[in-house]
Amino acid sequence: IAGITQAPTSQILAAGRRMTLRCTQDMRHNAMYWYRQDLGLGLRLIHYSNTAGTTGKGEVPDGYSVSRANTDDFPLTLASAVPSQTSVYFCASRDRNTGELFFGEGSRLTVL
Amino acid sequence: GQNIDQPTEMTATEGAIVQINCTYQTSGFNGLFWYQQHAGEAPTFLSYNVLDGLEEKGRFSSFLSRSKGYSYLLLKELQMKDSASYLCAVRENDYKLSFGAGTTVTVRA
């Protein structure tokens, strides 16, 4: 069982470039999330999706967009990357019965 | 907004006990989670409290007092592999799980 998979694991890109982080889960969870994790700030919610076809803004949504065309996939796009978006990005899905979040392994993004 | 506070760092000796406190002030409350995160890895689930009291799971226990906005995670019989960050997270509503900044626990031999 793969659980939740993110790609790429790590990426360096130039400021101003467009970048999409991919996230796929095989647990048929309805709710999915994107967090960024920065030293001293913990995990901050960027966007979420309660079910396929719906998305919502989290705590730090500016500069990011998401889509949820189906249950399994929840990509995060940076339309024009800036250095302040250098971070580790975690995708997660939620088990509706327990409320537990399952995290992907993370994508380390460096914007120069 | 939300405010979830936990100590930044704690150090303890192998075999000892460490208690990590978490206080919270959030717009809603639907339960409190503790996650463990080793350096460079994803967070993994440790415990979930929705009612007041103590939940015990092997060497780890978690306590919740909703009236005080307070929880703690107790790690007993510390092992070197317990060196990690421990994240307190409050489920505020159906979609929002808000995290504290995490407590880095270092276990010394």
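If contacts are Cα pairs under 8 angstrom and at least 6 residues apart, what is the relative contact order of chain A in percent? Show your work: numbers first, answer last.
Numbers: 294 pairs, mean separation 39.4, N = 112.
So the answer I get is 35 percent.
For the protein assembly as shown, take N as its residue count and report Rg(C-alpha) divided by 2.2 N^0.38 Å. Intermediate results must be reported in sequence, preceding the final value.
Numbers: Rg = 17.4 Å, N = 221, 2.2 N^0.38 = 17.1 Å.
Dividing the Cα radius of gyration by 2.2 N^0.38 Å gives 1.02.
Restricting to lysines 8 or more places apart or on different chains, can you count the pairs in the protein assembly as shown with Cα atoms under 25 Å from each other? The partial results should precede the final answer.
On the way: A:K57/B:K96; B:K57/B:K68; B:K57/B:K76; B:K57/B:K81; B:K68/B:K76; B:K68/B:K96.
The number of close lysine pairs in the protein assembly as shown is 6.
Segment B:K68..B:A39, full-extension length gain: 7.3 nm, with 0.36 nm per residue of separation and the alpha-carbon distance subtracted.
No lab work stands behind these numbers, since they all come straight from the coordinates. The model shown is predicted, which means the values in this text are computed figures rather than measured ones.
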